[in-house]
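The values are calculated or read from the model by the stated rules, or taken from the named source; none is laboratory data. Since the model is a prediction, treat every value here as computed from it, not as a measurement. Glycine gets a Cβ as well: all are built from the backbone with ideal geometry, and neighbour counts include every protein chain shown. With ligands, DNA and RNA removed, areas are computed over all heavy atoms of the protein, side chains included. Shrake-Rupley method; radii C 1.70, N 1.55, O 1.52, S 1.80 Å.
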Amino acid sequence: MLETETIKLDEIYVPVKLRKTLDTAKVDALAESILEKGQEVPIQIRRDKDRYVLVAGLHQLEAVRALGEATIPAIIV
């Protein structure tokens, strides 16, 4: 089973292709849910040299960023 790690938001690169799919209404709804329940599912990232690259979880990442957090739970795939 993959382990969840806590990663700094500023260490995560979001590919342009993913950024184009951002839905701000979904980010707002997720931010509210995270405030109420916490983050239930970690994002998925991969290592690439000296940074991490987002694989899945763009809206979660942006919701956590909007809440002013500095870190996020992630699974390295």
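Things worth noting here:
- Looking at region 3-77, the DSSP beta bridges with both ends there are about 65 percent antiparallel.
- For the chain, the solvent-accessible area works out to 69 Å² per residue, with a probe of 1.4 Å and every protein chain left in place.
- Within region 1-32, the GluC sites (Glu not before Pro) that combine a DSSP coil assignment with at most 10 other C-beta atoms in a 10 angstrom radius are Glu3.
- Sparse-neighbour loop sites [trypsin sites (Lys or Arg not before Pro); region 10-54; at most 16 other C-beta within 10 Å; DSSP]: Lys20, Lys49
- For the chain, the relative contact order works out to 49 percent when only alpha carbon pairs closer than 8 Å and six or more residues apart are counted.
- Portion, in percent, of the accessible area of the chain that falls on carbon or sulfur, probe 1.4 Å: 50
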